[in-house]
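The values are calculated or read from the model by the stated rules, or taken from the named source; none is laboratory data. Not measured: the values here are computed from a predicted model. Cβ coordinates were reconstructed from backbone atoms using ideal geometry, including for glycine residues, and neighbour counts include every protein chain displayed. Just the protein is used for accessible areas: all its heavy atoms, side chains included, with ligands, DNA and RNA removed. Shrake-Rupley method; radii C 1.70, N 1.55, O 1.52, S 1.80 Å.
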Amino acid sequence: MTDLTVLGDSAGALTAEPATGTEMIFAEVLADLLHVEQVPADSHFFTDLGADSLVMAHFCARVRKRPDLPSVSMRDIYRNPTLRSLAAGLAPAEPAAPAPPAPSAPSAADGRVGAAEMPTVVLAKLAAPAEAAPAEAAAPVRTREYIVCGALQLLFFLGYAWVAALVGARAYGWISAGSGLRDVYLRSVLFGGAGFTVVCTIPILAKWLLIGRWKPRQIRVWSLAYVRFWIVRTLVRSNPLVFLTTGSPLYVLYLRALGARIGPGTVIFSHNVPVCTDLLTIGADSVIRKDAFFGCYRAHKGWIQTGPVTLGRKVFVGEKSVLDINTSMGEVTQLGHASSLHSGQRVPVGERWHGSPAQRTDLNYLRVTSEGRRGTLRRFRFSAITLSYVFFLYLPLAEGGTFLLLTAVPAFGKVVDPNAGALTSGKLYTNALALSFVAVFGLLLAGLIVVATVPRLLNLFIKPCTVYPLYGFRDRIHRAVARITGVKFFTHLFGDSSFIVYYLRWIGYDLCEVEQTGSNFGTEVGHESPYLSTIGSGTMVADGLSLMNTDVSSTSFRVSPVSIGGHNFLGNNIAYPPGGRTGENCLLATKVMIPLDGKIREGVGLLGSPPFEIPRSVERDSRFDHLGTGDELRRRLRAKNWYNLRTMGVFLLGRWLHIFLVTALVLAAFDAYGGYGQLEMAALLALSILITPVYFVLVERGMRGFRRLEPKYCSIYDPYFWRHERLWKVPGEAYLKMFDGTPFKNLVWRGLGVKVGKRVFDDGCYLTERTLTTIGDDVMLNAGSKVQCHSQEDGTFKSDRTTIGSGGTIGVGAMVHYGVTVGDHSVLAPDSFLMKGEEIPPHARWGGNPAREM
């Protein structure tokens, strides 16, 4: 390679210009990746050279391996899109004249100074993430402990199943002995209320008996101390009170009973329940939006590390945000949506921060003011009515509903005839088929009618852009609308097909003039009011979109329209708030923070948190554009629709067969009731749960033809993509959560085709392409993390292998893209987005969105 490898092309003339040594080496690396002889120094990477983000990620990885070159990240590439500007931007700055020593400043946390009065060095220290845990050495992990831990967890599960079966059988026997419907109902209320109270109290008692008070410490994974941690974590998060009362004062009372210090007026909407509650402190009148993580623990290099999360008075934590251990926010502070505080970060009093890791901003994320008083009487009334629904409606239906049904419809009594309940009886399977058919297809039809009618009637009581008090009548109406229209079963059924647009319109979305692609929306689409959700013509959404129609404070809420422009492409896991400043023809990358200030972005791409502009598209992604127009589109779309229709049939058939198997085991367990048959009953009920992973493993492997996936680059109208798309829809995924934190999760992953090493700790990670993922020994996968070995930009599908090396740690809420290699013993910080093609060297620490070396 000669010195002419780096050329200037200003004014349209290709002339040799002096090049720095850094430019020349950059050019050699990039020319080798692009398979060309020369790379002009002033040519744009994307528009002139036709490179894409994957190519430039490989370029960054190669540059970082050169000790004679500065470290380059994808953020640097987008900010400096030519070799000359990149070299200049990374050049070391001349040392500044020494500044006079600044006087010592009081802490910002005590509110005595404002940020403008603080020395720059103080602000820098506050903004810089720091690891609070003094020990970075990995915990010793022993295979014997790993096995013993799994055995103890299995015994705990079987014991809990036996007690539940015994109590449930006694309850049914006592309720069914009632004379008349009134007596049956009263018995159901009495036993259901008592049982619900006991079930809700057990996690609290277990926490205080097994743990006492949580303190900052390190627990070795798979040790006996970890077994106690896991039991408490499992009970605390599976408490039915969590699912029924999130966002209500009852939820706050539950956390207080577990040891959390939470001030009056605080509202918590997140379903991610904190576990180490004694380490959680939240001041009065604070708001935590849904999907936020603040568990007060994390898995790190073989340890469970616990640490405090401290929030002051009137704090706001945005949607899809992560608070790591050892973080704090002062009074009257805000953390924006899609943001995170890394361990050691502290937000000073009165400041607003956003980004991952968070940095200071002037944006106001609290868009509705707190009006009036806290409304103590209103909160009490809301809680009392909620408990009334539980005790007098939900529980009687659950406890006595079966008997009431058998009494009202005697023909159903034959279904649970004890003389026909043995596993060897053919009548049992006939009855199970009938019940499962009604449960799946009957509820499907009834559900479609309900989600289209009941919420529309309830929505008449809600006026857009009107501020209402929390915990009032309209608040309950709004929550009912969001809950009924947010049933995930239907988006899973219709998503990734042409039929999803009809379903979204059915429940109230405004989709303008639809330009059908067959993949307009994925299987995960969420909202808070479908009647105020507008998505422009020609827009495609990959998956995980959350439309945030509600602005909320500690006392009030307001439902507002959310509108996404036309001809956009939205990646995965995006929270889109009201007033988002994006317009037509935008690329909103995975995990991007939607801007709420500045001009309306059009014809550009946005990446990162906080977001910055990137090219809307590159030449490589337009290779299949000819398949998206004209007769060719109509022909391929017709074929895709028929394939997706068959996939929906397979989805329903698979769910029906699964419900049938579970129903058959439950009926057999009912037949075993009485005497020593209680043990058999408990075993059959446990088997009805454990059969779920086996069933879905066989379903997924059968759909792949028992073959492994291969990396692919194709159009969404290629039949290969349709087969791949089917793998996202048909196999279940909710069942995986019950194995979080146990060795059995690794067995399930291996059954699904993942190359999993020894003693991997998985606290709630999700792998989209199992057979393209490799995980080394002793890897720590934190809650809410995700490894996604594909992307789907506009009409182009790309997939590749991803490898996480031994001893690595993937932080809470972090996402790893395709074509990625994470080196041994490396750490990816919480809420990070590791982009496609990146390579993290061994023993490195990366973080941020997009991730870079920290």
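Mind pulling the angle between the C-alpha long axis of helix 224-237 and the longest principal axis of the chain? Nearest 10 degrees, somewhere in 0 to 90. The angle comes out at about 70 degrees. A P(r) calculated from all alpha carbon pairs of the chain, with 10 Å bins opening at zero, reads 2, 11, 20, 26, 22, 12, 4, 2, 1, 0 percent. Under the simplified labelling scheme, the Thr629-Leu698 pair shows an inter-label distance of 5.0 nm, with each label point 7 Å from Cα along Cα→Cβ.
If pairing requires two Cys Cβ atoms under 4.7 Å apart, which cysteines of the chain are left without a partner? When partners are defined as cysteine Cβ atoms under 4.7 Å apart, the chain leaves Cys60, Cys149, Cys200, Cys465, Cys512, Cys586, Cys714, Cys765, Cys789 without one.
Rounded to the nearest 20, the size of the Cβ-charge dipole of the chain about its Cα centre is 3240 debye, with Lys and Arg at +1 and Asp and Glu at -1. Rolling a 1.4 angstrom probe over the chain with all protein chains present gives an accessible area of which 62% lies on carbon and sulfur atoms. Remark: the chain carries 41 Å² of accessible area per residue (probe radius 1.4 Å; ligands, DNA and RNA excluded). Helical runs assigned H by DSSP (4 residues or longer) give the chain a calculated mean residue ellipticity at 222 nm of -12000 deg cm²/dmol, each run adding -39500 (n - 2.57) before division by the residue total. Rounded to the nearest 0.05, what FRET efficiency do Ala225 and Ile691 have when you use their Cβ-Cβ distance and R0 = 41 Å? The pair Ala225/Ile691 has a calculated efficiency of 0.80. Peptides 232-240, 284-292, ordered by how many other C-beta atoms sit within 10 Å of their residues on average, highest first, read 284-292, 232-240. Between rounded, prolate and oblate, where does segment 499-647 land on the alpha carbon gyration tensor, with a ≥ b ≥ c its root eigenvalues, rounded for a/c under 1.5, else prolate if a/b exceeds b/c? Note, shape of segment 499-647 comes out oblate. Placing unit charges on each Cβ (+1 for Lys and Arg, -1 for Asp and Glu) gives the chain a dipole about its Cα centre, and among Val787, Ile77, Pro611 the Cα reaching farthest toward its positive end belongs to Val787. Taking segment 530-566 and a reference point 7 angstrom along Cα→Cβ of Ile600, the backbone N atoms nearer than 13 Å belong to 536, 563-566.
Spin-label model, Arg381 to Ala734: label points 7 Å out along the Cα-to-beta-carbon direction sit 3.4 nm apart. In the chain, the DSSP beta bridges split such that about 35 percent are antiparallel, to the nearest 5. Between Leu155 and Val487, residue separation times 0.36 nm minus the direct Cα-Cα distance comes to 116.2 nm.
One decimal place: the segment Glu37-Phe461 gains 145.9 nm when fully extended, by the rule 0.36 nm per residue minus the C-alpha distance. Summarising the strand pairing of segment 245-375, around 25 percent of its internal DSSP beta bridges are antiparallel. Rounded to the nearest 5, the antiparallel percentage of DSSP beta bridges internal to segment 778-854 is 30%.
With 31 Å as the limit on Cα-Cα distance, the pairs of Lys65/Lys755; Lys599/Lys712; Lys314/Lys737; Lys290/Lys463; Lys463/Lys640; Lys215/Lys320 that go past it are Lys599/Lys712; Lys314/Lys737; Lys463/Lys640.
Shown for segment 610-669 is the translational diffusion coefficient from the Stokes-Einstein equation, using the Kirkwood radius over Cα pairs, a temperature of 10 °C and a viscosity of 1.306 mPa s: 99 µm²/s.
Among 705-712, 535-542, sorting by the average number of other beta carbon atoms lying within 10 angstrom of each residue, highest first, gives 535-542, 705-712. Shape verdict for segment 195-320, please, from the Cα gyration tensor: rounded (a/c under 1.5), prolate (a/b greater than b/c) or oblate. In terms of gyration-tensor shape, oblate.
Annotation for Ala284 and Leu653: the two label points, set 7 Å from Cα along the Cα-Cβ direction, are 6.2 nm apart.
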